[in-house]
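**Q** After the structure tokens below, expect a handful of questions from me.
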Amino acid sequence: MNRGRGGFRGGRGGRTGPSQFQQGPPDTVLEMGSFMQSCEGDIVCRSINVKIPYFNAPIYLENKTQVGKVDEILGPVNEVFFTIKPSEGVQADSFKDGDKFYIGPDKLLPLERFLPKPKEFGTKPKKKSAGGGGRGGFGGRGGARGGRGGFGGRGGGRGGFGD
């Protein structure tokens with residue numbers, strides 16, 4: 001009985017072990033950015049850290065009071081800006097130019113992640129195996145039935161005996 005859409009490809013796999021969701025501020029915080037201005041209720045900051053913050057990473061003051069979460073990341077890789085969506089009760093207008101914001105060290109990505117990978121010299125390109133490309137041939141649509149995909153490769157039969 002052919003179901004049409006290919007075979008079972010496996011699930012996504014569940015999480016193992018206890019949940020790693022962290023409650024409260026981290027043990028240490030790193031300087032992340034300085035206040036520039038408020039814009040439509042958000043806080044706009046210039047990054048002073050060489051690493052890039054995760055989206056939705058919690059942002060703290062130096063005393064580890066949570067101010068909000070990273071909302072957007074802007075600018076070129078050599079001059080990064082980010083916006084903070086303030087937590088409830090925090091006003092973006094209450095900060096002044098130069099105020100510092102902090103982040104947990106586990107919520108940062110290295111800058112290299114956003115740069116193009118250097119080309120590796122000395123490695124030979126892999127050759128594609130014969131067949132399998134496009135329609136027809138073996139490994140194309142319809143498996144080993146021959147050229148142009150064959151019949152009965154998709155969908156059910158048309159009734160009759162043995163379909």
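**Q** For the residues D106, D27, what sequence is obtained by ranking on other C-beta atoms within 10 Å, fewest first?
**A** With the sparsest Cβ surroundings first, the list reads D27, D106.
**Q** Going by how many other beta carbons lie within 10 Å of each one, how would you line up Y60, Y102, Y54, fewest first?
**A** Least to most surrounded, the residues fall as Y54, Y60, Y102.
**Q** Based on Cβ point charges of +1 for Lys and Arg and -1 for Asp and Glu, what charge dipole magnitude is obtained for the stretch 30-104 about its Cα centre, in debye rounded to the nearest 20?
**A** 260 debye
**Q** Report, by chain and number, residues whose modeled amide H sits under 5 Å from the one on I48, excluding near sequence neighbours (fewer than 5 apart, same chain).
**A** The answer is G33, S34.
**Q** If the viscosity is 1.567 mPa s and the temperature 4 °C, what translational diffusion coefficient in µm²/s does Stokes-Einstein give for the stretch 30-104 when Rh comes from Kirkwood over Cα pairs?
**A** Estimated diffusion coefficient is 109 µm²/s.
**Q** The stretch 51-106: which GluC sites (Glu not before Pro) are DSSP loop and have at most 13 other beta-carbon atoms within 10 angstrom?
**A** Qualifying residues, ordered by number: E62, E79, E88.
FYI, it's all coordinate maths here, none of it is from the lab. Bear in mind that the values here come from a model prediction, so they are computed numbers and not experimental data. Every residue, glycine among them, receives a Cβ derived from its backbone with ideal geometry; neighbour counts consider all protein chains shown.
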